[in-house]
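Participant: Provided herewith is a single structure, encoded as structure tokens, for subsequent inquiry.
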Amino acid sequence: MYGRIRTKSGGQVGEKETIMKYFIVFLACFIVVSANDAKKSSDKKTKKIKREPETLSRGWGDALQWEQSYDEGLVQAWRTNKPLLVIHHRNDCPHSQALKKAFAQDDEIQKMADEHFVMLNVMNELSDKNMQPDEMAYVPRILFVDPSMAVRADIVGRYGHRLYAYDPADMELLRDNMKKALKFLKSEL
């Protein structure tokens with residue numbers, strides 16, 4: 001089928017040897033192509049996986065000091081005699097994302113949060129049912145807890161059916177409520 005091939009020295013190469021040489025060349029080409037495809041695939045996987053590590057701020061204000069857990073936030077509020085501001089949110093909620101952007105861009109809120117509050121944002125419901133004073137688990141919602149560990153159910157947003165909800169347009173109300181949490185703190189102690 002392939003016949004005999006003559007070598008430079010004039011000798012003849014057998015049919016099996018010819019097939020073997022073609023097979024080796026084919027195998028070498030296959031290995032080179034596979035290696036290139038594997039490298040491209042590896043590069044794509046690496047690009048997808050490479051992300052900035054998420055900080056405790058989760059985008060709500062990278063310059064702020066954020067507590068890692070509700071319990072740590074309560075202890076820090078008691079220790080510093082500052083109110084705890086708790087933000088309940090979800091990454092897959094467009095309302096949470098819009099509120100996060102407005103919150104992070106509001107310089108006065110960021111300054112008050114930095115100077116006068118212990119900050120915590122959570123993406124999962126807390127086991128403390130006091131964190132649902134209106135008995136609903138919606139997001140986003142913001143609650144205040146004073147240093148005595150009492151949830152300030154009396155500091156509400158503008159909605160009657162979601163008392164602790166805020167929208168991006170509510171930043172002035174949120175600033176006022178932050179001031180109210182500080183005013184209550186001073187008048188009660």
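Participant: If you take every residue apart from VAL122 with its C-beta less than 12 Å away from the C-beta of VAL122, what net charge results, scoring Lys and Arg +1 and Asp and Glu -1?
Facilitator: -2
Participant: Using a 7 Å offset from the Cα along the Cα-to-Cβ direction at both ALA137 and ARG175, what is the distance between the two label points in nm, to one decimal?
Facilitator: Each label point lies 7 Å from its Cα, and together they span 3.5 nm.
Participant: How charged is the neighbourhood of GLN65? Take every other residue with its Cβ under 12 Å from the Cβ of GLN65, and add Lys/Arg as +1 and Asp/Glu as -1.
Facilitator: -4
Participant: Is the range 126-189 best put as rounded, prolate or oblate by its Cα gyration tensor, with a ≥ b ≥ c the root eigenvalues, rounded for a/c under 1.5, and otherwise prolate when a/b is larger than b/c, oblate when not?
Facilitator: Oblate, because a/c is 1.5 or more while a/b does not exceed b/c.
Participant: At a 1.4 Å probe radius, carbon and sulfur cover how many percent of the accessible area of the range 93-157?
Facilitator: Here it works out to 50 percent.
Participant: Go through LYS100/LYS183; LYS129/LYS180; LYS129/LYS183; LYS82/LYS111 and tell me which ones have a Cα-Cα distance over 20 Å in this structure.
Facilitator: From LYS100/LYS183; LYS129/LYS180; LYS129/LYS183; LYS82/LYS111, over 20 Å: LYS100/LYS183; LYS129/LYS180; LYS129/LYS183.
Participant: Then there's this: Tell me, what is the FRET efficiency for ASN124 and VAL75 to the nearest 0.05, using R0 = 22 angstrom and their Cβ-Cβ distance as r?
Facilitator: According to the calculation, E is roughly 0.70.
Participant: I've got another one for you. Using a probe radius of 1.4 Å on heavy atoms only, what accessible surface per residue do you get for the range 63-189? Whole Å² is fine.
Facilitator: Ligands and nucleic acids excluded, the result is 52 Å² per residue.
Participant: Taking every pair of alpha-carbon atoms in the range 43-175, give the share separated by more than 25 Å as a whole percent.
Facilitator: That tail contains 23 percent of the Cα-Cα pairs.
Participant: So if R0 is 41 Å, what FRET efficiency would ASN91 and LYS183 give, r being the distance between their Cβ atoms, rounded to the nearest 0.05?
Facilitator: Efficiency, from the Cβ-Cβ distance: 0.80.
The values are calculated or read from the model by the stated rules, or taken from the named source; none is laboratory data. Predicted, not measured: the structure shown is a model, and the values here were computed from it. So basically every Cβ, Gly included, is an ideal-geometry build from the backbone, and we count neighbours across all protein chains shown. Just so you know, the surface numbers come from the protein's heavy atoms only, side chains and all, with ligands and any DNA or RNA stripped out. Shrake-Rupley method; radii C 1.70, N 1.55, O 1.52, S 1.80 Å.
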